[in-house]
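Undergrad: Sharing a structure with you now.
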Amino acid sequence: MKILVAVKRVLDYNVKARVKSDGSGVDLANQKLSMNPFDEIACEEAVRLKEAGVATEVIAVSCGPAGCQETLRSAMAIGADRGVLVETDGALEPLAVAKLVKHVAEKEGVQLAIFGKQAIDDDAGQAGQMFAGLMGWGQATFASKIKVEGGTALVTREIDGGLENLKLKLPVVVTTDLRLNEPRFITLPNIMKAKKKPLEVLKAADLGLDLAPRTTTLRVDEPAARKAGIKVADVAELVKRLKEEAKVL
Ligand code: AMP
């Protein structure tokens, strides 16, 4: 069984996002870009399934500019066998990503696709679900446990107020939640090994797909700066200020 893992290159989660001066988006120039954290969890899970003998091959797929090759190398350093970059410099919405990943999934004949539950840059949380819709596959989102037995996947999902256990017939799409696993530390020897693994580049423009954005970003603004806090001398002053200044009592 082949597993596909969708990995997105995003602004590193440790970097403070800054909005471009013209308000057209987040400034990515000269910033550290890394694999979306939920996609690292997806890679780790796919590699564990391969190590457990459930999968035969793990294919990492990224859609975006040439720089995404670095993200694919990280996926291969975690243990993915090979990478596929669907290259485009244009903006990609989740629907376009779902279409591009569908192309690769069909070409490769994968039985399980693992996406992150959301990309930390657009926070859309849509690509995995749209991919499931386009493929006509079952989906288990926000997974905190995955077990594959024969032709079925048993997935535990984190839902409000508890856990839901699903049984799905393969092929299936799973999106990862934070508690699914803790991705392994990437070692130097594995980074070196990853450099030798195959990486195929497909041009998105050659695939004949409608990738045009359906939405237009009007403006991106920094969040309003928070006012500095104050220290109060005692409870009486706190209550007075809450009543008279904040007017919340
Ligand atoms: P989103 O719907 O944008 O929040 O993304 C959800 C998940 O879809 C991510 O965690 C990735 O697994 C996958 N994904 C989104 N964009 C891309 C991309 N450009 N390339 C590969 N995978 C992506």
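The values are calculated or read from the model by the stated rules, or taken from the named source; none is laboratory data. A quick note: this is a predicted structure, and the numbers were derived from the prediction, not measured. Cβ coordinates were reconstructed from backbone atoms using ideal geometry, including for glycine residues, and neighbour counts include every protein chain displayed. Calculation scope for accessible area: heavy atoms of the full protein, side chains included, ligands and nucleic acids excluded. Shrake-Rupley method; radii C 1.70, N 1.55, O 1.52, S 1.80 Å.
Undergrad: Using only protein heavy atoms and a 1.4 Å probe, report how much of Asp234 is accessible, in Å² to the nearest 10.
TA: 80 Å²
Undergrad: Compare Ile230, Ile59, Ile78 in a GNM of the chain, Cα atoms joined below 10 Å, and give the one with the largest fluctuation.
TA: Ile230
Undergrad: May I ask you to list the residues of segment 114-148 whose amide nitrogen lies under 17 Å from a point 7 Å from Cα along the Cα→beta-carbon direction of Leu209?
TA: 114-116, 119, 125-137
Undergrad: Per residue, how much accessible area does segment 137-249 have with a 1.4 Å probe, in Å²? List each step's numbers first, then the result.
TA: Numbers: 8590 Å² over 113 residues.
Accessible area per residue, segment 137-249: 76 Å².
Undergrad: How big is the gap, in Å, between the Cα center of segment 19-77 and the Cα center of segment 110-172?
TA: Value for the Cα centre distance between the two parts: 18 Å.
Undergrad: What fraction of the Cα pairs in the chain, stated in percent, has a spacing above 31 angstrom? Present the calculation step by step, with values, prior to reporting the outcome.
TA: Numbers: 9864 of 30876 pairs.
When all Cα pairs of the chain are counted, 32 percent exceed 31 Å.
Undergrad: Report the extension gain between Ala29 and Leu249 in nm, rounded to one decimal, defined as 0.36 nm multiplied by the number of residues separating them, less their alpha carbon distance. Spell out each step's value before the answer.
TA: Details: separation 220, 0.36 × 220 = 79.20 nm, distance 4.65 nm.
Contour length minus the Cα-Cα distance gives 74.5 nm.
Undergrad: So, by mean Cβ neighbours within 10 angstrom, what's the order for 7-13, 86-92, 161-167, 146-152 with the highest one leading? Don't jump to the answer; show the numbers that get you there.
TA: Details: 7-13: 20.7, 86-92: 17.6, 161-167: 10.4, 146-152: 14.1.
Top of the packing list down: 7-13, 86-92, 146-152, 161-167.
Undergrad: Over the chain, what relative contact order in percent results from Cα pairs under 8 Å that are six or more residues apart?
TA: Working: 495 pairs, mean separation 56.8, N = 249.
Once divided by the residue count of the chain, the mean separation gives 23 percent.
Undergrad: If the reach is capped at under 24 angstrom between alpha carbons, list the lysines near Lys203, excluding any in the same chain fewer than eight residues apart.
TA: In chain and number order, the partners are Lys2, Lys8, Lys99, Lys102, Lys107, Lys195.
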